[in-house]
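Worksheet: one structure, shown below.
FYI, it's all coordinate maths here, none of it is from the lab. Quick caveat, the model's predicted, so the values are computed rather than measured. A quick note on method: Cβ atoms are made from the backbone with ideal geometry, for glycine too, and the neighbour counts reach across all protein chains shown.
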Amino acid sequence: MATKRKSKSGIFLIELSIVIATFALCAAIALKVISVAGTELSYSENLSAAKTLSGYIAESYKSGMTVSEIEKIISEETENSVLSASVTERTGEYDLSYLDIEIFDDDRSYITITCARRNDNG
């Protein structure tokens with residue numbers, strides 16, 4: 001009587017399918033992580049540029065520059081950038097003037113600060 005020989009190729013195909021599925025899952029996770037890292041890198045670069053720009057604007061205001069001069073600086077500094085800036089001057093008590101500075105892009109606001117200086121009464 002002839003005996004049937006059992007084939008192991010069915011088990012091999014299942015193992016191969018499991019390995020391929022595992023690699024595909026790992027690749028999908030890696031692509032998602034790379035995508036998130038790229039987004040965070042862009043945010044980090046914009047935040048760093050916003051910090052530098054807001055510090056430059058605040059120091060310019062404290063040194064006595066007028067708002068119109070500061071707006072010229074802003075337009076020069078943000079000409080080739082995705083960032084924009086807005087400044088608003090207001091007066092307060094005790095001979096103080098305040099400059100509200102906001103640095104933003106199309107999606108989010110990065111920095112909003114207020115800078116103060118003493119009014120020059122001569």
Expected max-MSF residue from 51, 62, 72 in the GNM of the chain (alpha carbon, under 10 Å) is 72
Over the chain, the sum of -39500 (n - 2.57) across DSSP H runs of at least four, divided by residue number and rounded to 500 deg cm²/dmol, gives at 222 nm -19500 deg cm²/dmol
Which angle between 0 and 90 degrees, to the nearest 10, do you get for helix 67-77 versus the longest principal axis of the chain when only C-alpha atoms count? 30
Could you check the spin-label model distance between residue 25 and residue 113? Points 7 Å from the Cα along Cα→Cβ, value in nm. 4.8
Can you tell me which of 83, 47, 31 moves the most in a GNM of the chain? Springs connect C-alpha atoms under 10 Å apart. 31
Any idea how far apart residue 43 and residue 11 come out in nm if each label point goes 7 Å out from Cα toward Cβ? 4.9
Can you tell me, using C-alpha contacts under 8 Å and at least 6 residues apart, the relative contact order of the chain as a whole percent? 19
